[in-house]
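Trainee: Here it is, the structure in full.
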Amino acid sequence: MVGMTSTSPRRPSRLDPEIAARLKRSPDGLLPAIAQQYDTGEVLMLGWMDDEALHRTLTTGRCTYWSRSRQEYWVKGDTSGHFQWVKSVALDCDADTVLVKVDQVGAACHTGARTCFDADVLLKDADDAGSGAAARDQ
């Protein structure tokens, strides 16, 4: 949206003002939200949250995201049954990304895969392939 600043939320929100004041949002009022399996560390997906989605995530114990394509809130699992039960929520050091540790039930990816990062691996085991740190040190 034209004229948006990184300090004003896009939609009305019930997020604690002290938390809201710390956030550094994109020009459209969003934060990337990384969902990670709490007990294994597996990175599951990336979604987007505005202040209200973050508020709902913090208060309901279920991940709520903002759909950039549909321009609406969605709660992970409401239609798919693949729920994300929130275990913890943290801001990164720049307060521009949220890490949500969850207990994922079923697939995290809309394709039906466990994670959104399984299908297109660009580099795997670089050290084993001879192109990583071990190869450079020789």
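Trainee: Would segment 8-23 turn up any residue that is open to solvent by 30 Å² or more (accessible area, probe 1.4 Å), at pLDDT 95 or above and under 14 Å from residue 102 (Cα atoms)?
Mentor: No, segment 8-23 has no match at all.
Trainee: Note down all Cβ pairs under 8 Å where the first residue falls in segment 87-113 and is closer than 16 Å to residue 33 by Cβ and open to solvent by less than 50 Å² (accessible area, probe 1.4 Å), the second is part of a strand (DSSP E or B) and hydroxyl-bearing (Ser, Thr, Tyr), and they're at least six residues apart or on different chains.
Mentor: 100/88
Trainee: Looking at segment 52-69, can you tell me whether even one residue there is closer than 17 Å to residue 114 by Cα and of a type in the set (Lys, Arg)?
Mentor: no
Trainee: Being open to solvent by less than 60 Å² (accessible area, probe 1.4 Å) and more than 17 Å from residue 38 (Cβ to Cβ): is that true of residue 64 here?
Mentor: Criteria met by residue 64.
Trainee: Considering (1) out of contact with any Ser or Thr (no Cβ under 9 Å at 6 or more places or on another chain); (2) open to solvent by less than 60 Å² (accessible area, probe 1.4 Å), say which one residue 40 fails and leave the rest.
Mentor: (2)
Trainee: Can you tell me which residues in segment 43-74 are charged (D, E, K, R) and in contact with a Lys or Arg (Cβ under 9 Å, 6 or more places away or on another chain)?
Mentor: 50, 51, 52, 56, 62
Trainee: So is residue 32 open to solvent by 20 Å² or more (accessible area, probe 1.4 Å) and at pLDDT 95 or above or not?
Mentor: The answer is yes for residue 32.
The values are calculated or read from the model by the stated rules, or taken from the named source; none is laboratory data. Every value quoted in this text rests on a predicted model; they were computed, and no experiment measured them. FYI the Cβ positions are ideal-geometry reconstructions off the backbone, even for glycines, and counts take in every protein chain you see. Accessible surface is based on the protein model in full, side chains and every heavy atom, while ligands, DNA and RNA are left aside. Shrake-Rupley method; radii C 1.70, N 1.55, O 1.52, S 1.80 Å.
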